[in-house]
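Asker: After the structure tokens below, expect a handful of questions from me.
The values are calculated or read from the model by the stated rules, or taken from the named source; none is laboratory data. What you see is a predicted model; the values in this text were computed from it and never measured. Backbone-built Cβ (ideal geometry, glycine too); neighbour counts: all protein chains shown.
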Amino acid sequence: MNVILIGFMGAGKTTVGHLVAARLGFRFVDTDDRIEADAGKSIPEIFADDGEPRFRELESAALHDTLRGDEQVISTGGGIILDVENRKAIRAGGYCVWMAVTPETVWERVSGEHHRPLLQNGDPPGTIRRLLEDREPLYRETAHLEIRTDHRRPAEIADEILAVILPVDA
Ligand code: S3P
């Protein structure tokens, strides 16, 4: 089986994903890293050179390819759930956890960073609110489990995921 982490930018998918993978003895895979390796350039470069639609094609390809594997914790980009085929593949391809986060927490976590093309505009907090509002129903319909991540340490979140995933007598 695979464990697939979905959620908005800054939800902590990568940090928590590494912890869960280590505890399960699973491989950690990040779809954003795969996209960059396949394209031979960074995500900001893909957005700038080829545009968001091309990025989304590469993202779907990376997801479907990754889902052919087993015993992986897969951390996904925040927009992966925009595509209906991606949503179906995620739900069918493993146990899906939505790491939910408020717009305020996202802004606290990402305001010092500059590698997120969708937030490189005049109103990042407004963009975060709007994107989150659009995407929340899609995260919800895709996930088997929802976990709130605001004001919580990654280790605590990983423990909560593991408590649900691991059989009681394991
Ligand atoms: C995106 C989120 C990013 C990355 C790309 C687009 C999005 O991943 O895939 O910048 O649409 O929300 P993270 O969620 O890992 O930051």
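Asker: Under 7 Å by Cβ, and 6 or more places apart or on different chains, what pairs join a residue from segment 42-70 that is of a type in the set (Asp, Glu) with one that is surrounded by 14 or more Cβ atoms within 10 Å (Cβ to Cβ)?
Answerer: Pairs found: GLU59/THR31; GLU59/ILE35; GLU59/GLY77; GLU59/ILE80; ASP70/ASN2.
Asker: Does ALA37 satisfy the condition of being more than 10 Å from the ligand (Cβ to nearest atom), of a type in the set (A, V, I, L, M) and surrounded by fewer than 19 Cβ atoms within 10 Å (Cβ to Cβ)?
Answerer: yes
Let's see how each residue does on (1) among the aromatic types (Phe, Trp, Tyr); (2) touching a Cys at 6+ places or on another chain (Cβ under 9 Å); (3) not in a loop (DSSP other than H, G, I, E, B):
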position	(1), (2), (3)
ALA22	no, no, yes
PHE28	yes, no, yes
GLU57	no, no, yes
HIS64	no, no, yes
GLY78	no, no, no
GLU104	no, no, yes
GLU108	no, no, yes
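Asker: Out of curiosity, is THR76 within 9 Å of the ligand (Cβ to nearest atom) and of a type outside the set (A, V, I, L, M, F, W, C)?
Answerer: Considered against the rule, which asks whether it is within 9 Å of the ligand (Cβ to nearest atom) and of a type outside the set (A, V, I, L, M, F, W, C), THR76 comes out as yes.
Asker: Is it the case, given these coordinates, that ALA48 is more than 13 Å from the ligand (Cβ to nearest atom), part of a helix (DSSP H, G or I), of a type outside the set (D, E, K, R) and on the phi < 0 side of the Ramachandran plot?
Answerer: no
Asker: Out of segment 1-18, which residues are in a helix (DSSP H, G or I), surrounded by fewer than 20 Cβ atoms within 10 Å (Cβ to Cβ) and more than 10 Å from the ligand (Cβ to nearest atom)?
Answerer: Those that are in a helix (DSSP H, G or I), surrounded by fewer than 20 Cβ atoms within 10 Å (Cβ to Cβ) and more than 10 Å from the ligand (Cβ to nearest atom): THR15, HIS18.
Asker: In this structure, does ALA37 turn out to be of a type outside the set (Val, Ile, Thr), over 20 Å from ASP134 (Cβ atoms) and in contact with a His (Cβ under 7 Å, 6 or more places away or on another chain)?
Answerer: Judged against the criteria, ALA37 is not a match.
Asker: Filter segment 124-150 for residues that are part of a helix (DSSP H, G or I), among the hydrophobic types (A, V, I, L, M, F, W, C) and out of contact with any Pro (no Cβ under 7 Å at 6 or more places or on another chain) and give the result.
Answerer: Once the filter is applied, which keeps residues that are part of a helix (DSSP H, G or I), among the hydrophobic types (A, V, I, L, M, F, W, C) and out of contact with any Pro (no Cβ under 7 Å at 6 or more places or on another chain), segment 124-150 yields LEU131, LEU138.
Asker: Taking segment 76-120 only, how many residues are β-branched (Val, Ile, Thr), within 18 Å of ALA61 (Cβ to Cβ) and out of contact with any helix residue (DSSP H, G or I) (no Cβ under 7 Å at 6 or more places or on another chain)?
Answerer: Total satisfying the criteria: 1.
Asker: Now, a different point. Can you spot a residue in segment 19-30 that is among the charged types (D, E, K, R), free of Cβ contacts under 8 Å to residues at least 60 places away in the same chain and buried (at least 19 other Cβ atoms within 10 Å of the Cβ)?
Answerer: yes
Asker: Here is a follow-up. Got a sec? Which of THR76, THR102 is under 14 Å from the mean Cα position of the chain (by Cα), of a type in the set (Ser, Thr, Tyr) and either under 14 Å from ASP32 (Cα atoms) or at pLDDT 95 or above (or both)?
Answerer: Testing whether each residue is under 14 Å from the mean Cα position of the chain (by Cα), of a type in the set (Ser, Thr, Tyr) and either under 14 Å from ASP32 (Cα atoms) or at pLDDT 95 or above (or both) leaves just THR76.
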